[in-house]
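What follows is a set of notes on a single structure, which appears directly below.
What follows is calculated from the coordinates using simple rules that are stated; it is not laboratory data. As the structure is a prediction and not an experimental result, all values here were calculated from the model. Because the Cβ atoms are built from the backbone with ideal geometry, glycine has one as well, and the counts that use them run over all protein chains shown.
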Amino acid sequence: IDGQKTTLDGVRGHTCHHWGKRRAKAWRWAHCNDFREDKSAIVEVLYPTLPPLPRPTFVNLYIGGEHIFVGGFTGGETTRNGRSWRYVGQGRAARVTVTFTAPEKSILRLGYVSPDGNRSNVFSSLLSECAVRVERRKHRFASFGPAETLTGIGPAEEVTPDVVADLDRERIPGI
């Protein structure tokens, strides 16, 4: 970066970007790829607002070499309680519950203007505790079996319409 070489070895990381000129009016998104129990596991969840459609919940989980996708416009739910986001997605073979809880001091609150001119609030935490609970069943009408759990740390964010002042801009160096 700026002519300076940095070597990262054995470090977990993640990067993403919203591409294009238009985006959802609001969303909740979270990601974790640093689990204590399974270093190869990854979870990503998304709960966008796509008017006039109902809000879908998408949960993608990679665990032990298996990809589990649950949610969509049916079989999903997302709730927020203060500094905690909870996502539940259910499909024919699995139910996945993902909870991200952020310490209050780790949540940044910023105003954002997208390329299409929409203004919104961003509530973001890079240090959220992540808990994943996976329940599997052999077929659609069977009961769910014992739960497998994962715990880790990852980023979570919520974007809402209706901008407020950049409450935390002074907490970010270089802005």
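A Förster distance of 45 Å, applied to the separation of the beta-carbon atoms of residue 149 and residue 5, puts the FRET efficiency at 0.70.
Between residue 135 and residue 37, what length comes free when the chain is fully extended (0.36 nm per residue of separation minus the Cα-Cα distance, one decimal in nm)?
33.7 nm
Under the simplified labelling scheme, the residue 112-residue 53 pair shows an inter-label distance of 1.9 nm, with each label point 7 Å from Cα along Cα→Cβ.
The packing ranking, built from the mean of other Cβ atoms within 10 Å per residue, places the peptides 137-147, 117-127, 89-99 in the order 89-99, 117-127, 137-147, highest first.
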